[in-house]
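To start, the structure under review is shown below, and the notes come after it.
The values are calculated or read from the model by the stated rules, or taken from the named source; none is laboratory data. If you're wondering where the values come from, they're calculated on a predicted model, not measured in any experiment. Because the Cβ atoms are built from the backbone with ideal geometry, glycine has one as well, and the counts that use them run over all protein chains shown. Calculation scope for accessible area: heavy atoms of the full protein, side chains included, ligands and nucleic acids excluded. Shrake-Rupley method; radii C 1.70, N 1.55, O 1.52, S 1.80 Å.
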Amino acid sequence: FFAPWCHWCQKLEPVWEKTAATLQQKYPGDTRLIVGKVDCTAPASEALCIKHRIDAFPTILVFRKDDTGESQHESYHGERSVPAITAWAEHFLAQAKRHIAKTNVVDSDMDGVPDSHNGVGCMVSGLVHVQRAPGMLKIQAASDSHEFHWETMDVSHVINHLSFGPFLTEQAWSVLPHSVAASVGAMDEKSFSSEQHIPTTHEHYVKVVRHDVSPPGGRRKAVVAYGYVGHSNNIQKAGEVPTVRINYDILPIVVQITEKSQQLYHFVTQLCAIVGGVFTVAGIVAAIMDKGVNLMTKKAELGKLG
């Protein structure tokens, strides 16, 4: 899949043509392996490119004879040379002849790095050291070997985990109150989707607060945990490059949480106070009722009730 204006497509074109000629020469008349190309700017092929989510040029996909309409096609990410692409294509021919097991992950040059794999998208993970000041994490497609069609770029994503501060041990997690533990990964496992074929930028705003939680008894050091609250919105603007931005602000405050166990004599004193209060109120109510009954009895004796 290519676009005529793409610089990298123009560089790949002679390699692609020579690869097709090489395969035809090595396997004359074999129709099990067909090398083709699609111009995604042509009106006739635009729908096909959209269907297969082609937003980077050039993109090399594998279409198998037994694929269904919903199949995910593996894409090539290896070296853009005639020998490399030829070896990669011959790998599929060997699968078709059942000389090797069929697989969607191909490492034709045996260097440990797959030349092609199934599915689209990517996973971003890592640890970033930042200053305790407002900042931004920006995730945007970039490549020194592709050009992108921003109008079809989809940056829908799932935040599997986002946290600030040191990693917490299992013992540290057990000390945190539920509300603090929930705020440490407040955006975990949340998904954010873009409308199809509409360039969308996802903006996340995160306010981070440090919590110092002292375990009961005071014998262990306080657990430091950074909780946060997050708000998100979408930006759909003509000419805007689809991006994911996480704007964070580490607030200059510390919430200190201390749990103190109550002494037994405090509990006994409070219990006695409650019991004494109940008896006092019961005595007052009984006295009022007794006085009321006596007053009614006297009036009955004097014949004043009727």
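Here segment 11-29 is the region considered, the condition is being part of a helix (DSSP H, G or I) and small (Gly, Ala, Ser), and the residue that is farthest from Thr59 (Cα to Cα) is Ala21. Looking only at segment 121-163, residues that are under 30 Å from Leu12 (Cα atoms) and hydroxyl-bearing (Ser, Thr, Tyr) come to 4 in all. Sub-9 Å Cβ pairs linking a first residue in segment 237-253 that is free of Cβ contacts under 8 Å to residues at least 40 places away in the same chain to a second residue that is of a type in the set (Val, Ile, Thr), at least 6 apart or interchain, are Lys237/Thr201, ordered by first then second residue. For segment 31-60, a residue qualifies if it is open to solvent by less than 40 Å² (accessible area, probe 1.4 Å) and not polar (S, T, N, Q), and the qualifying residues are Val38, Cys40, Ala42, Cys49, His52, Ile54, Asp55, Ala56, Phe57, Pro58, Ile60. Just to be sure I understand, how many residues within segment 41-85 are in contact with a strand residue (DSSP E or B) (Cβ under 7 Å, 6 or more places away or on another chain), within 17 Å of Cys6 (Cα to Cα) and among the hydrophobic types (A, V, I, L, M, F, W, C)? Going through segment 41-85 one residue at a time, the tally reaches 3.
Among all positions in segment 50-63, there is at least one residue which is under 23 Å from Ala142 (Cβ atoms) and either over 36 Å from the mean Cα position of the chain (by Cα) or in a helix (DSSP H, G or I) (or both). Residues of segment 1-30 that are open to solvent by less than 50 Å² (accessible area, probe 1.4 Å), touching a residue at least 60 places away in the same chain (Cβ under 8 Å) and of a type in the set (A, V, I, L, M, F, W, C): Phe1, Ala3, Cys6, Cys9, Leu12, Val15, Trp16, Leu23.
Residues are listed down the side, and each one gets a yes or a no for (1) among the β-branched types (Val, Ile, Thr); (2) modelled with pLDDT of 80 or more:
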| residue | (1), (2) |
| --- | --- |
| Val255 | yes, yes |
| Lys260 | no, no |
| Gln263 | no, no |
| Gln270 | no, yes |
| Ile274 | yes, yes |
| Gly277 | no, yes |
| Ala287 | no, yes |
| Lys291 | no, yes |
| Asn294 | no, yes |
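Checking every residue in segment 107-119 against the condition of being of a type in the set (Gly, Ala, Ser) and modelled with pLDDT of 75 or more gives zero matches. Reported count of residues in segment 157-178, each being without any contact (Cβ under 8 Å) to a residue 40 or more places away in the chain and among the hydroxyl-bearing types (Ser, Thr, Tyr), is 2.
Within segment 229-264, the set of residues being among the aliphatic types (A, V, I, L, M), surrounded by 10 or more Cβ atoms within 10 Å (Cβ to Cβ) and not in a strand (DSSP E or B) comprises just one member, Val241. Could you tell me whether any residue of segment 85-97 is open to solvent by less than 50 Å² (accessible area, probe 1.4 Å), of a type in the set (Phe, Trp, Tyr), at pLDDT 75 or above and within 28 Å of Val158 (Cβ to Cβ)? No, every residue in segment 85-97 fails to be open to solvent by less than 50 Å² (accessible area, probe 1.4 Å), of a type in the set (Phe, Trp, Tyr), at pLDDT 75 or above and within 28 Å of Val158 (Cβ to Cβ).
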